[in-house]
């Protein structure tokens, strides 16, 4: 009977060692993937900062003014004047449909019962 207990215990130890070995490699793989993702995120953030700086550089007011003056004949762009802005009471909003008929209604109420 003792030898059976020893064999079962030895098999359990071998099984647990195999499980721990597999879990260790799975963990190492997950950590490597996490590091790769962190590197990708850092690269994307750096690219985003660079694009933001480039956007700010390209949208400098003096540069845009030079472009407007250069392309005035083609575009006809003029500076905005205060009289070009409107008031909120001048905005016309669309009238909502009064007699809207729904041909195929869909029941979206869920009272806990499944069909």
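The values are calculated or read from the model by the stated rules, or taken from the named source; none is laboratory data. What you see is a predicted model; the values in this text were computed from it and never measured. Note that we place each Cβ from the backbone using ideal geometry, even for glycine, and neighbour counts take in every protein chain shown.
Summary of values
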read-out: Some residue of region 22-32 being surrounded by 10 or more Cβ atoms within 10 Å (Cβ to Cβ), at pLDDT 85 or above and outside any helix (DSSP H, G or I); value: no
read-out: In region 53-68, the residues that are surrounded by 10 or more Cβ atoms within 10 Å (Cβ to Cβ) and assigned to a helix (DSSP H, G or I); value: 53, 54, 58, 63, 64, 65, 66, 67, 68
